[in-house]
Amino acid sequence: MRHLSIKVRNLEESQTLLLTQKARLLQEAGVDVVSLTAGEPDFPTPAHIKEAALRAIEADFTHYTANQGTAELIGAVVDKFSSDNDLHFSPGQILVSAGAKQSIFNALSAILNPGDEVVIPAPYWVSYPAIVRLADGIPVIASFPAASGFRPDIRLLRRSIGPKTRVLILNTPCNPTGVVLSRSEVEEIAAIVKETNLTVISDEIYEKMVFDGRKHVSIGSFKGIRDQVVTVNGVSKAYAMTGWRIGYMGGPEEIIRAAAKVQGQVTNNANSIAQKATVAALRGPQGPIDAMREEFQLRRDYILRRLSAWGGEGIRNPQGAMFFFLSVEHFFGMRARGNLIRNASDLAEHLIEHHHVALVPGDAFGAPGHIRLSFAASMADLEKGIDRLLRGLQEFQ
């Protein structure tokens, strides 16, 4: 066998992608599987965005752009950050990348030296620890308690910060929990950031998906720490543009220049046509985004009614994003169809094999006693999927 990098050999594959792929393979084999795994809006990309891409193709806008992004798109991002988030950047403080995931990797690669620590509140998005390790950092997990609904534990967060800590990753609205941090919670975290002089990478990809009239608060808008925050966003979730692969970030110019250097050696500029489409997304009508958010809230409310009527334990009402994060520890040690359920992975395997509904076990998110259910699926699929989930869980009673 050829020699492989130890870093990559020790790298786990994304559980979300693995289970999404398993569901897809079963569907291709003719099995009627409902996949509630991926955080991918099932809506089409709005028409005006697609039309902008077609115009770009017809105009032969199909060559390299500046590594940092087109001047037109950078201007649109600057304006978006200013109007939506009270974040005020110059063009030199913006970097456009091939998705928010690449933005996070670029930022961490620009900041970290081997052995530097990165504090990651748990539950967390599956890729944060892996990206930290790929950037030669050490993830330090601060597990927020389930009993408080996974809301920030400020004392725990403070204890997780040590002399080698360089970065705090913050994600609100949160994947997988659906927690949306309040202004007072963000303010408390900002005070710790100021005191410890950390850099924050604030992943705000779900900012448009907040429910019940809540407001998203960007930590970079707090004046005392503006030069300590890298804000990451993109168009995948809000504009149903997952496949277009456009993310962007704004932050201190020194970090952005270093991150651009990383990107220039690895991928160069993001897709030229998708950049034109993203200008249309950010500057065009926002009505379709509001309509999608309203539909997501209807889906959330439907699932909440179904689960609450069933009377299951561990149901938390997500305030944002597109996921339920369900406690399933009370099923551990039970059996169904001869299968012993030892953990959430066993339960997820049982549900997909015997009831043809796919969910993601919480181990991947740093919360082993839980399972994530995505409501980024049609109402018809959700109805069928929840029927199957409840039938599967009732086997254990």
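Please treat every number below as a calculation from the coordinates, not as lab data. All figures in this text were calculated on a predicted structure; none of them were measured in a lab. Here the Cβ positions follow ideal geometry from the backbone for every residue, glycine too, while neighbour counts run over all protein chains shown.
Here are the numbers for the structure shown:
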{"item": "Peptides ranked, highest mean first, by Cβ atoms within 10 Å: ranges 171-181, 301-311, 75-85", "result": "171-181, 75-85, 301-311"}
{"item": "Selection from Val96, Pro145, Gln319 lying farthest towards where the dipole of the chain points positive, charges on Cβ", "result": "Pro145"}
{"item": "Selected from Gly75, Ile189, Leu36, residue furthest toward positive end of dipole (the chain; charges at beta carbon)", "result": "Ile189"}
{"item": "Charge dipole (debye, nearest 20) of the chain; +1 at Cβ of Lys and Arg, -1 at Cβ of Asp and Glu", "result": "480"}
{"item": "Stretch gain in nm, segment Arg155-Ser143, where the contour uses 0.36 nm per residue and the Cα spacing is subtracted", "result": "3.2 nm"}
{"item": "Of Lys80/Lys237; Lys237/Lys276; Lys22/Lys384, pairs whose Cα-Cα distance is over 24 Å", "result": "none"}
{"item": "Extension gain (nm, one decimal) between Tyr302 and Gln27, 0.36 nm per residue minus Cα-Cα", "result": "96.5 nm"}
{"item": "For the stretch 77-227, fraction of C-alpha pairs farther apart than 27 Å, in %", "result": "17"}
{"item": "The stretch 8-123: C-alpha gyration tensor shape, a/c 1.5 cut-off, then a/b vs b/c", "result": "oblate"}
{"item": "Extension gain, Glu72 back to Ser14 (0.36 nm per residue minus Cα-Cα distance, nm)", "result": "17.5 nm"}
{"item": "Reduced Cα scattering model of the stretch 165-223, Debye log10 I(q)/I(0), q = 0.15 Å⁻¹", "result": "-0.42"}
{"item": "Enclosed volume per residue, in Å³, of the convex hull spanned by Cα atoms of the stretch 280-329", "result": "69"}
{"item": "Crossing angle, helix 272-283 versus the chain [Cα axis fit, 0-90 degrees, rounded to tens]", "result": "80"}
{"item": "Cα-based shape type of the stretch 32-97, given that a ≥ b ≥ c are square roots of the gyration tensor eigenvalues and the cut on a/c is 1.5", "result": "oblate"}
{"item": "Asp212-His3 FRET efficiency (beta carbon distance; Förster radius 41 Å; 0.05 resolution)", "result": "0.15"}
{"item": "Where labels lie 7 Å past Cα in the beta-carbon direction, separation of Met379 and Asp136 in nm", "result": "5.3"}
{"item": "Rough spin-label spacing in nm, given labels placed 7 Å along Cα→Cβ, for Ile315 and Asp346", "result": "2.5"}
{"item": "Asp60 paired with Phe396, simple spin-label distance in nm, labels 7 Å along Cα-to-beta-carbon", "result": "6.2"}
